[in-house]
Amino acid sequence: MDDRNAKPGPSVDRDDRDDRELAERLHALERELDKGRAARDTEASRDAAPARPGMALGLRLAADFVAGVVLGAALGWGLDRLLGTSPWGLVVFLLLGFAAGILNAMRSAGLLKPGPPGPDDRPG
Amino acid sequence: MAYDPIHQFQIQKLIPIEVGGVDFSFTNASLFMVLTVAGASAFLILSTRGRGLVPSRWQSAAELTYEFIAQTLRESTGSDGMRFFPFVFSLFMFILVANLWGMFPYFFTVTSHIVITGAMAVMVILMVVGFGLWRHKFGFFQLFVPRGVPVVILPFIVVIEILSFLSRPLSLSIRLFANMLAGHITLKVFAGFVTALASLGAIGVLGAILPLFATVALTALEFLVAALQAYVFAILTSLYLNDALHPSH
């Protein structure tokens, strides 16, 4: 314990050198991290929903599908009430809602990739 | 009442308050929302009080939740989306703590009510629309126009995309609420079997062993669901926020 404090001369020097080395290493680390960050940003994966075991996935797909159908029906019914076009609003929007529900479910199952690989470099 | 599996979801007024004919009563739901916020705040504030460079166990738990949500958000929206971190993290902590409070016997599960999950889902979607319009102005609407679609069927596709977008808050709220509701009812029903069978005498007690094991297993499953649903809500929120940040389809 005592003899570490007893020789301050060389240890100060070493501290100084250590500091410089540490600063360099920190810079290097910062560069590495920046590289990582840039990579992460470019590949900011769109639908990175992880695979989960059956029950949870089933409930999730069911909720997605039902939501589409229910929303379509509700919108159609509401339009019918407003415009007096019964039953056409309900019929049309229920079908569209069905399609939207399928789209939801397929999207959250990861079966649908977001658009064809086109020029995806719009500002945004 | 003892075997009624729905009874636990009833709203009871604890302190009746009425302002101008509108009911503002402090109910058991309000109480558990206050408890949820208090619990989440206490966990985060108390555990990070030490600010050790080498974290204590509690601090480590708090840092793990932080890192976990930060990583989830960053992976689905990029560093740009980190401006939404406070929002997503608050949602996650609220849902997680509310679900966990609900695991105590005789406690009320806030997230098993669609009013509450719906309010959160609407908040998310309003934020997506609001931020998308503010950031991209009219360009936000290209979210509804997928590329590479023939012009003939484009109107249909756009309507379907809009419906699909509008159904998001619905599916977000239904998923959380249905999971919590179904889980708690199942648990209650199986636990009800145990008491009902055990009161039938010796054979009944033997028969009650199976539902007892089922109840224990379901309790474990419910803990999993409590954490998983909070995570699912958080990750879907980040995916939707990603649409607001990068609307190009």
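Quick note: the coordinates plus some simple rules give every number you see, no bench work behind them. For clarity, every value in this text was computed on a predicted model and none was experimentally measured. Heads up, the Cβs are rebuilt from the backbone with ideal geometry, glycines too, and the neighbour counts pull from every protein chain shown.
Give the shape of segment B:1-55 as rounded, prolate or oblate, defined through the alpha-carbon gyration tensor: a ≥ b ≥ c are the square roots of its eigenvalues, a/c under 1.5 means rounded, and otherwise the shape is prolate if a/b is larger than b/c and oblate if not.
Numbers: a/c = 6.14, a/b = 1.87, b/c = 3.28.
Judged from the Cα gyration tensor, segment B:1-55 comes out oblate (a/c at least 1.5, b/c at or above a/b).
Evaluate peptide B:156-163: per residue, the Cβ atoms of other protein chains within 10 Å of its Cβ; return the mean as an integer. Intermediate results must be reported in sequence, preceding the final value.
Working: counts 2, 2, 0, 6, 12, 3, 3, 15.
Across B:156-163, the average partner-chain Cβ count within 10 Å equals 5.
To the nearest 10 degrees, how steeply does helix B:154-198 sit against the main Cα axis of chain B, on a 0 to 90 scale?
So the inclination is approximately 10 degrees.
What are the residues whose amide H is under 5 Å from the amide H of B:LEU14, where those residues sit 5 or more places off or on another chain and H is modelled from the backbone?
When sequence neighbours closer than 5 places are left aside, the close amide H contacts are B:PHE26, B:THR27, B:ASN28.
Mind ordering B:152-162, B:99-109 by average Cβ neighbours within 10 Å, highest first? Walk me through the numbers before you get to the answer.
Numbers: B:152-162: 14.4, B:99-109: 17.0.
Packing order, densest peptide first, comes out as B:99-109, B:152-162.
Just want to confirm a number: the relative contact order over chain B, from Cα pairs under 8 angstrom separated by 6+ residues, in percent. Don't skip to the answer; put the middle values down first.
Details: 256 pairs, mean separation 64.3, N = 249.
After rounding, I find 26 percent.
Please report the base-10 log of the normalised intensity I(q)/I(0) for chain B, using a Debye sum with one equal scatterer per alpha carbon and no solvent, at each q in 0.08, 0.13 (1/Å).
-0.44, -0.96
For segment B:88-96, just list the computed ³J(HN,Hα) in residue order, Karplus coefficients 6.51, -1.76 and 1.60, θ = phi - 60°, integers in Hz, with x standing in for Gly and Pro.
Calculated HN-Hα couplings, in order: 5, 5, 4, 4, 4, 5, 4, 5, 4 Hz.
So what are the protein assembly as shown's ellipsoid semi-axes, whole angstrom, largest first, if each one is the square root of 5 times an eigenvalue of the alpha-carbon gyration tensor? Please list the in-between numbers first.
On the way: eigenvalues 355, 259, 80 Å².
Ellipsoid half-lengths, sorted descending, are 42, 36, 20 Å.
Which whole number gives the average, over all residues in B:169-182, of C-beta atoms from other chains lying within 10 Å of the residue C-beta? Please list the in-between numbers first.
Numbers: counts 2, 10, 15, 3, 2, 7, 8, 1, 1, 4, 5, 0, 0, 1.
The shielding value for this peptide is 4.
In square nanometres and to one decimal, what's the mean projected area of the convex hull around the Cα atoms of segment A:54-109? Intermediate results must be reported in sequence, preceding the final value.
Values: hull surface 13.6 nm².
The directionally averaged projection comes out at 3.4 nm².
What's the average, rounded to a whole number, of partner chain beta-carbon atoms within 10 Å of each residue's beta-carbon in A:103-109? Don't skip to the end; give the middle numbers.
Values: counts 7, 8, 2, 0, 2, 3, 0.
The shielding value for this peptide is 3.
Let me know the volume per residue of the alpha-carbon convex hull for segment B:156-249, in Å³.
Enclosed volume per residue, from the Cα hull, is 103 Å³.
Taking the alpha carbon gyration tensor of segment B:62-160, what are the square roots of 5 times its eigenvalues, largest first, to the nearest whole Å?
For segment B:62-160, the semi-axes come out at 34, 19, 12 Å.
Could you work out Rg/(2.2 N^0.38 Å) for segment B:1-131, with Rg from alpha carbons only? Walk me through the numbers on the way to the answer.
On the way: Rg = 17.9 Å, N = 131, 2.2 N^0.38 = 14.0 Å.
Cα Rg divided by the expected 2.2 N^0.38 Å: 1.27.
Helix-derived [θ] at 222 nm for chain B: sum -39500 (n - 2.57) over DSSP H runs of at least 4, divide by residue count, nearest 500? If you can, show how the numbers build up before the last one.
On the way: 7 runs with 169 residues, N = 249.
It lands at -24000 deg cm²/dmol.
Using the alpha-carbon centroid of each, what span in Å lies between segment B:100-140 and segment B:189-216?
The two parts, judged by their Cα centres, are 39 Å apart.
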